[in-house]
1. What are the residue pairs meeting all of these: first residue in the stretch 184-213, first residue of a type in the set (Lys, Arg), second residue surrounded by 19 or more Cβ atoms within 10 Å (Cβ to Cβ), Cβ atoms under 9 Å, and 6 or more apart or on different chains?
2. Determine if the stretch 62-79 includes at least one residue that is surrounded by fewer than 24 Cβ atoms within 10 Å (Cβ to Cβ) and part of a helix (DSSP H, G or I).
3. Inside the stretch 171-197, can you point out the residues that are within 16 Å of ligand 1 (Cβ to nearest atom) and not aromatic (Phe, Trp, Tyr)?
4. Limited to the stretch 138-167, what total is found for residues that are within 16 Å of ligand 2 (Cβ to nearest atom) and part of a strand (DSSP E or B)?
5. Checking the conditions here, which among Gly100, Gly52 is in contact (Cβ under 8 Å) with a residue 60 or more places away in the chain, open to solvent by 10 Å² or more (accessible area, probe 1.4 Å) and not acidic (Asp, Glu)?
6. Going through Pro323, Pro342 one at a time, which residue ends up being away from ligand 1 (no atom under 14 Å from the Cβ), in contact (Cβ under 8 Å) with a residue 12 or more places away in the chain, open to solvent by 40 Å² or more (accessible area, probe 1.4 Å) and not aromatic (Phe, Trp, Tyr)?
7. Considering only residues that are under 27 Å from Glu204 (Cα atoms), touching a helix residue (DSSP H, G or I) at 6+ places or on another chain (Cβ under 6 Å) and not in a loop (DSSP other than H, G, I, E, B), which ones fall in the stretch 226-252?
8. Suppose we filter Ala275, Ala330 for residues that are under 17 Å from the mean Cα position of the chain (by Cα) and in a helix (DSSP H, G or I); which single one remains?
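The values are calculated or read from the model by the stated rules, or taken from the named source; none is laboratory data. Here the structure is a predicted model, which means the values were calculated and not measured. Cβ sites come from the backbone with ideal geometry, for glycine too, and all protein chains shown count toward neighbours. Protein only, heavy atoms only, side chains kept; ligands, DNA and RNA dropped before computing areas. Shrake-Rupley method; radii C 1.70, N 1.55, O 1.52, S 1.80 Å.
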Amino acid sequence: MKQDLLLTGCKLAAMQQGECAYGLIGNGAVFLRAGRIAWVGDADSIPAEYAGSETENLGGRLVTPALIDCHTHLVFGGNRAKEFEMRLNGASYEDIAGTGGGIISTVKATRAATDGELIELALKRIDDLISEGVGVVEIKSGYGLTIDDEIRMLRVARRLETLRPVKIVTTWLAAHAVPPEYTGRADAYIDEIAIPGLQQAAAEGLVDAVDGFCENIAFSRDQIERVFIAAKALGLPVKLHAEQLSDQKGALLAARYSGLSADHLEYLDEKDVEAFAASGAVAVLLPGAFYMLGETKLPPVSAFRTNGVDIAIATDCNPGSSPISSILTAMNMACTQFAVTPEEALLGVTRHAAKALGLSDQYGIIAPGYMAELAIWDADHPAELSYWVGGSPLHKYITRRAMK
Ligand code: NIG
Ligand code: FE
């Protein structure tokens, strides 16, 4: 076990509050001890007690916190390339969902897959993320839609953490779509599957947070609220797929239940941003879904800025709306499509993504006490992470998991 490591010769983007959000330190050094960051600062002021430790000179490379993908659905079977083709031939995402395709076609493929198959498929996506410096990945259920299959998805997700050096955060998303066996009986689905399944999964310790899809093609605010009440009774935080395709006032519902985040938000009314901001929830933007669905309605980014809403960026990796396993591509898309700045994009996959997962005290910045999870980049400036499209400038990835 490598207990101590001093990193020198690095340009640090610590992502702490400072003069700029990057928190840049030009000639930086970081001291890691027992899997945590023990000290960070200017290389000229390394405390004498650390100076003699095993040292690695990073040759002037850029160092950021390990990146965080705070919204994915990356455990699933099959793919939906045919639906992609149908959409390009004129069908809408809603049309396809309405005829048994969409989420339900992935539900069929996921139910039919073995645990081993789901793991193998998910590992490819996890490896893509790791190759871009991602150290924390949130994964949702939502393609099982029976109690057993939803729980199985979360077990598979947790298993990934034992196979790769990443932290996995699991989210219960049974309220994702109404499965065929409950057609026309969404309320019964909530009462018989989504809520009791949540209670069972939580009892097994498999749930870190509870999500839902509040939309015409999914669940109403009232139905989601019942799931939120069950979550709160279990002491679990909530979040919501809100305002992706229409304004359902879902973000305000998430805010009312002290949600960690509301995600998508293209159709969020600017007038609702102030109330949303007051809750302290993070706005998670998913530019991959916007891109793949050819969406044109933009999320209210300037209103988020004016009202001090923290913005996170995630891949939304899923087979329908966002078959994207590249966090750097998501950052680039957030910049080009949503006019998010590269600085906001990097904050969105570090400090603010940690907040969206309730992990603000352990991940997302380079500061004493935080996890020793760092990404080392062949880059001169953090804006490069949002700038290149394709290829990963990752030089290496330092993780306390590999340090054990
Ligand atoms: O975040 N919006 C709902 N859920 C996913 C899409 C899931 C799917 O199409 O399979 C999303 O975009
Ligand atoms: Fe999603």
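1. Cβ pairs passing all conditions: Arg185/Val178.
2. The answer is no; no qualifying residue exists.
3. Answer for the stretch 171-197, where residues must be within 16 Å of ligand 1 (Cβ to nearest atom) and not aromatic (Phe, Trp, Tyr): Thr171, Leu173, Ala174, Ala175, His176, Ala177, Val178, Pro179, Pro180, Ala186, Ala194.
4. 3
5. Within the list Gly100, Gly52, the selection yields Gly100.
6. Being away from ligand 1 (no atom under 14 Å from the Cβ), in contact (Cβ under 8 Å) with a residue 12 or more places away in the chain, open to solvent by 40 Å² or more (accessible area, probe 1.4 Å) and not aromatic (Phe, Trp, Tyr) holds for just one of Pro323, Pro342, which is Pro342.
7. Arg226, Val227, Ala230, Val238, Leu240
8. Ala330
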